[in-house]
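Okay, so here's the structure we're looking at.
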Amino acid sequence: MRILAIDQGTTSTRAILFSQTGDARHIGSRSHRNEYPRHGWVEQDANELAVNIMSLIEAAGPVDAIGLANQGESCLAWDSVTKEPLSPIIVWQDTRTVQILERMAAEGLEKTVRRRAALPLDPYFSAAKLGWIVANLPKAAAALKAGRLRLGTTDAFFLDRLADCFATDRATASRTSLMNMETGEWDEELCRLFGVPLECLPPIRSNIAGFGSIAGARVGASIVDQQAALYGHGCRIAGDAKVTFGTGAFALTVTGTSLKRDALESGLLPTVAWDLGDETTYAIDGGVQDAGSAIEWALRAGMARSLLDFEILEPTTAVERGLVFIPAFSGLGCPTWDRSASPLIIGLQPSMDRRDICQALLEGVAFLTSQVLAAIGNHCALQEHIPIDGGIAANSYFVQFLANCSGRSFRVGSFAEQTAAGVASLAALALGEEIDPPRLQQFLVGPSLDGAVWSGIFNDAICRARGWRPAPL
Ligand code: G3P
């Protein structure tokens, strides 16, 4: 059996082919443009991404099933007849809707949204982005009038366009802030509040319901990338957690078959982990908005010449030398949800150079991640060794610093594509089959010194990052 996993992420689309016995073959990777047309705006071209997905499917040759992992809350509008995009993809990091949400909060609507969607009012989620598209893009308004408007997360667009199946899955829908978390269906009141016509949204299915076919292969499973990675890491029972370091860093923990609403009070997000048809499993999620994207900033800004600059670092930590970097390029996510916080570097000395900044950047991502894990740890007992994957998980300085400042132990594997492994397993399940997990070597990294002493310094810097509001020129 050959299962093709397509991991359509924020910065690239990757394809991995899995066999039933756990062999994983990398088919290819295609990067795409992220555009930043205005401060806080992040956009992608849906056609570019669809072409990338198709070229990877063609490169893989005949397969028995496809699993599609999507980048979460990113969303768009398209035409139901031509299947052409009517908007750019508005990426999950995009904060153009901050003021709309502030107005909604001032009108006292946050309570309703929290009760129905089990999510805070934040630009991260799709609802306000979709409402913005309907209210601001004439093409979308015209399509609505003509009864041809479709709205949804990126998975729904790719499935409609490439597999002729207008649908989304329950885990992805749980990230939109338009799904009622009790019923698992679109919520009329939320759609009204955010200005999203419910009839334009795709039907919600289980994660393994089948989503049409592409190039003769059935799309067995479709799911958000973070939930896919949770499944790929073998997390199945309450307390099983993982952290994936991609564009952002996302910690998810399985909480079982009931929704953990109280986690919302600690800034964590109750979410659907997966719906396998007969049972829905829930998780709580905590995200650091900028991880890989902070590294990319350092490369773009010339702070780092290559990723090597993040490997060769001073033996003493930057925080011990008084240098702290809070990489809040998209503001702060869990647990504070202060999206207008500014990135901040504090404690520069004349003897320091860009390498010190790279080191402090890694430490800042690690500290924000350890804050998320602390919040999750207050809600459930986490397993002894937390599996981590993704780009920065391969950096030994970073992982050791993370272990020290969180006081936790992490499991790093030689196979980094856990999102792909998870969605491939789910696609196999849709065929009534199981595939063996990819074979991997693993090593454990535990605390080597007590990094909790650094908390005061980081927390002080976070307060400053939250307090800094640049005045308009
Ligand atoms: O919520 C956004 C997240 O799912 C994106 O993941 O891997 O594309 O950074 P990634």
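The table for this structure:
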quantity: Enumeration of residues in segment 382-393 that are more than 15 Å from the ligand (Cβ to nearest atom) and either without any contact (Cβ under 8 Å) to a residue 60 or more places away in the chain or not in a loop (DSSP other than H, G, I, E, B) (or both); calculated: GLU384, HIS385, ILE386, PRO387
quantity: Positions within segment 234-253 being more than 14 Å from the ligand (Cβ to nearest atom) and under 16 Å from the mean Cα position of the chain (by Cα), in sequence order; calculated: ALA241, THR253
quantity: Check on ASP389, among the acidic types (Asp, Glu), modelled with pLDDT under 95 and surrounded by 21 or more Cβ atoms within 10 Å (Cβ to Cβ); calculated: yes
quantity: Test: residue in segment 181-203 that is in a strand (DSSP E or B), in contact (Cβ under 8 Å) with a residue 24 or more places away in the chain, crowded, with 20+ Cβ neighbours inside 10 Å and not basic (Lys, Arg); calculated: no
quantity: Which numbered condition ALA298 misses (of (1) at pLDDT 95 or above; (2) within 16 Å of the ligand (Cβ to nearest atom); (3) farther than 29 Å from GLU434 by Cα); calculated: (2)
quantity: Boolean, THR176 is out of contact with any strand residue (DSSP E or B) (no Cβ under 6 Å at 6 or more places or on another chain), within 16 Å of the ligand (Cβ to nearest atom) and under 16 Å from CYS75 (Cβ atoms); calculated: yes
quantity: Counted residues, segment 352-379 - those being within 30 Å of ASP240 (Cβ to Cβ) and part of a loop (DSSP other than H, G, I, E, B); calculated: 2
quantity: Cβ pairs under 9 Å, 6+ apart, first in segment 1-12 and closer than 15 Å to ALA59 by Cβ, second among the hydrophobic types (A, V, I, L, M, F, W, C) and within 8 Å of the ligand (Cβ to nearest atom); calculated: none
quantity: Pairs where the first residue, in segment 72-95, is more than 19 Å from PHE250 (Cα to Cα) and within 16 Å of the ligand (Cβ to nearest atom) and the second is in a loop (DSSP other than H, G, I, E, B) and modelled with pLDDT of 95 or more, C-beta under 6 Å, 6+ apart; calculated: LEU76/SER87; ILE89/SER74
quantity: Residue count for segment 383-431, restricted to those that are polar (S, T, N, Q), within 16 Å of LEU444 (Cα to Cα) and out of contact with any His (no Cβ under 8 Å at 6 or more places or on another chain); calculated: 7
quantity: Positions within segment 436-456 being in a loop (DSSP other than H, G, I, E, B), at pLDDT below 90 and not acidic (Asp, Glu), in sequence order; calculated: PRO437, PRO438, ARG439, LEU440, GLN441
quantity: Residues that are of a type in the set (Ser, Thr, Tyr), surrounded by fewer than 21 Cβ atoms within 10 Å (Cβ to Cβ) and under 30 Å from PRO123 (Cβ atoms), drawn from segment 298-355; calculated: THR336, SER340, SER342
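The values are calculated or read from the model by the stated rules, or taken from the named source; none is laboratory data. Since the structure is predicted, the reported quantities are computational estimates derived from the model, not experimental observations. When we count neighbours, we look across all protein chains shown, and the Cβ atoms used for this are built from the backbone with ideal geometry, even at glycine.
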